[in-house]
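The values are calculated or read from the model by the stated rules, or taken from the named source; none is laboratory data. Predicted, not measured: the structure shown is a model, and the values here were computed from it. Glycine gets a Cβ as well: all are built from the backbone with ideal geometry, and neighbour counts include every protein chain shown.
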Amino acid sequence: MWNERESPLRIEKRFNFEQYSKISKFMGKIEKLCKERDIYPNISFGKNFVSLSIFSDDKEISDKQKDFSKDVDKFYLED
């Protein structure tokens, strides 16, 4: 589940991995999705995790951003 935060408005989630090699594959899928959807989240990662934050300039999270987050979840479940 993505967490919604305020000030500034955003949704964020941390994805945990057992192997660093899976992070690279996951990040590659996210990169392609970003270009397709024109959404560029803040991304941080470490040895066993990737964290994403999607910021909204509006007063609510858009359907486009929600759809993006659902697709990221699908990528994570594939591995």
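Miscellaneous remarks
- Residue that is surrounded by the most Cβ atoms within 10 Å (Cβ to Cβ) [pool: residues in the stretch 30-56 that are of a type in the set (S, T, N, Q) and part of a strand (DSSP E or B)]: S53
- Residue in the stretch 4-24 that is at pLDDT 95 or above, touching a Cys at 6+ places or on another chain (Cβ under 8 Å) and not in a helix (DSSP H, G or I) present: no
- Of all residues in the stretch 57-67 being out of contact with any strand residue (DSSP E or B) (no Cβ under 7 Å at 6 or more places or on another chain) and assigned to a helix (DSSP H, G or I), the one that is farthest from P8 (Cα to Cα): D67
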